Each structure stands twice: as C-alpha cells, then as structure tokens.
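One structure is given here, and the rest of the page talks about it.
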Amino acid sequence: MNDPISFFVVGTPKPQGSKRAFMRPGGKHPTMLESAGEALKDWRAAVRYAAAQQSRVITGPVMVTLIFQLSRAKSHFGTGRNAKQLKASAPVDHTNKPDIDKLARAVLDALTNVVFEDDSCVIVLSASKRYSVSVDRTGCQIRVEEAA
C-alpha cells in the first residue's frame with residue numbers, strides 16, 4: 001500500500017449546487033444541468049491544480065478525508081481596539097451555510113481523474129467544516145488513501 005496523498009488547498013471553499021434534469025424537445029433522455037458560477041469553477045480549478053502536484057492517481061477503492069476551514073463573519077469579532085479579538089459570544093462550530101455535502105461534492109468532482117479515477121471509487125468519506133484559526137488560512141485539507 002502506498003503512502004496517502006495529503007495536501008492543503010488555499011482559497012475559499014465553494015459548494016457545488018444541485019443538478020436539474022429537463023427534457024429537450026424531441027429528446028428521449030433527460031439532460032442534466034448544473035449551475036456553476038465562476039467562484040465554483042475557480043475553486044475546483046484550485047483543487048485540481050493542487051491535486052495534480054501530487055503526480056499520482058490511485059486506482060481502486062479510496063478513503064477520503066476533507067477538512068474545510070472557513071472564514072468567520074465580521075460580527076464574530078470586536079470593534080475598535082478589539083477588532084482582532086474574538087467575541088465570547090462567537091460560535092465555536094460552523095453550523096451555517098455552505099452545506100458540508102455540497103462542499104464535499106465540489107472537491108470530489110475536482111479530484112476525479114486527477115487523484116482517483118472516479119468519485120464512485122470513494123468508499124469512505126469523512127468531511128468536517130470549522131472556522132479557520134487564521135484569517136488568511138481558509139481552504140481545505142485533503143487526504144486520499146487506498147482502502148485496505
């Protein structure tokens with residue numbers, strides 16, 4: 001078994017939206033349409049670029065761990081001379097949007113054909129989101145390893 005692939009992608013994690021199915025006139029099968037704004041495209045490109053630096057594709061089943069580090073709202077901090085101090089009332093856990101499943105979907109799709117053959121090869125997925133300790137350290141820690 002090879003060593004796990006592990007790297008951090010710096011940036012603002014973006015969720016992948018839901019897909020919509022619709023029928024084209026005269027079509028026999030539904031067409032899937034996904035809304036992907038520029039920010040999502042840029043995030044997936046950053047993930048693909050960082051993953052490509054690992055220069056290895058794992059074939060077969062994989063286990064993936066994703067740790068998203070997201071920025072805090074300005075309202076979590078004091079004002080004036082306390083502008084860099086976290087308020088006592090600031091939440092500990094990141095329980096607001098974006099949804100963790102949509103964040104994970106964007107990363108898994110970006111890793112397809114770069115770190116593993118297809119995201120259907122993922123048999124174990126662990127994903128978490130938390131507030132970044134540092135304002136300039138938002139992104140995602142990614143670990144991919146062969147399943148035993």
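The values are calculated or read from the model by the stated rules, or taken from the named source; none is laboratory data. Note that this is a predicted model, so its numbers are computed, not measured. Counting neighbours? That spans all protein chains shown, and the Cβs are built from the backbone with ideal geometry, glycine included.
Consider the stretch 43-68. How many of its residues are of a type outside the set (V, I, T), in a loop (DSSP other than H, G, I, E, B) and exposed (fewer than 15 other Cβ atoms within 10 Å of the Cβ)?
Pass one, the stretch 43-68, residues of a type outside the set (V, I, T): 43-46, 48-56, 60-61, 63, 66, 68.
So of that shortlist, the ones also in a loop (DSSP other than H, G, I, E, B) come out as 53-56, 60-61.
Adding the requirement that they be exposed (fewer than 15 other Cβ atoms within 10 Å of the Cβ) leaves 53, 55-56, 60-61.
Residues that pass the stated criteria total 5.
How about the stretch 69-114: which of its residues are among the acidic types (D, E) and either loosely packed, with under 14 Cβ neighbours inside 10 Å or free of Cβ contacts under 8 Å to residues at least 40 places away in the same chain (or both)? Step through it out loud before you land on a result.
Our first condition is that a residue be among the acidic types (D, E); within the stretch 69-114, this holds for 93, 99, 101, 109.
D93, D99, D101, listed by residue number.
Pick from R143, R105, R130: which is over 23 Å from V57 (Cβ atoms) and under 16 Å from the mean Cα position of the chain (by Cα)? Step through it out loud before you land on a result.
Numbers: R143 fails: over 23 Å from V57 (Cβ atoms); R105 fails: over 23 Å from V57 (Cβ atoms).
Being over 23 Å from V57 (Cβ atoms) and under 16 Å from the mean Cα position of the chain (by Cα) holds for just one of R143, R105, R130, which is R130.
Would you mind finding the one in A106, A90 that is more than 24 Å from A148 (Cα to Cα), assigned to a helix (DSSP H, G or I) and in contact with a helix residue (DSSP H, G or I) (Cβ under 7 Å, 6 or more places away or on another chain)?
Details: A90 fails: assigned to a helix (DSSP H, G or I).
Being more than 24 Å from A148 (Cα to Cα), assigned to a helix (DSSP H, G or I) and in contact with a helix residue (DSSP H, G or I) (Cβ under 7 Å, 6 or more places away or on another chain) holds for just one of A106, A90, which is A106.
Determine, yes or no, whether P61 is farther than 17 Å from E145 by Cβ and of a type outside the set (D, E, K, R).
no
Among the residues of the stretch 1-36, which ones are modelled with pLDDT of 75 or more and of a type in the set (D, E, K, R)?
D3, K14, R24, K28
For residues in the stretch 111-148 being in a helix (DSSP H, G or I) and touching a strand residue (DSSP E or B) at 6+ places or on another chain (Cβ under 6 Å), which is farthest from A50 (Cα to Cα)?
Looking only at the stretch 111-148, we keep the residues that are in a helix (DSSP H, G or I), and these are 111, 119-121.
This time we only want the ones that are touching a strand residue (DSSP E or B) at 6+ places or on another chain (Cβ under 6 Å), so: 119, 121.
Numbers: D119: 17, C121: 20 Å.
Step by step, filter the stretch 111-148, then rank; the result is C121.
Considering only residues of the stretch 58-81 that are hydroxyl-bearing (S, T, Y) and modelled with pLDDT under 95, which is nearest to the chain's Cα centre (by Cα)?
Restricting to residues being hydroxyl-bearing (S, T, Y) and modelled with pLDDT under 95, the top hit is S71.
What's the number of the condition V124 fails, among (1) in contact with a Lys or Arg (Cβ under 6 Å, 6 or more places away or on another chain); (2) among the β-branched types (V, I, T); (3) under 18 Å from S6 (Cβ atoms)?
(1)
Applying the selection to the stretch 84-111, what residues are in contact with a Pro (Cβ under 7 Å, 6 or more places away or on another chain) and among the charged types (D, E, K, R)? Can you show your working first?
Pass one, the stretch 84-111, residues in contact with a Pro (Cβ under 7 Å, 6 or more places away or on another chain): 98-99, 102-103, 106.
Those that are in contact with a Pro (Cβ under 7 Å, 6 or more places away or on another chain) and among the charged types (D, E, K, R): D99, K102.
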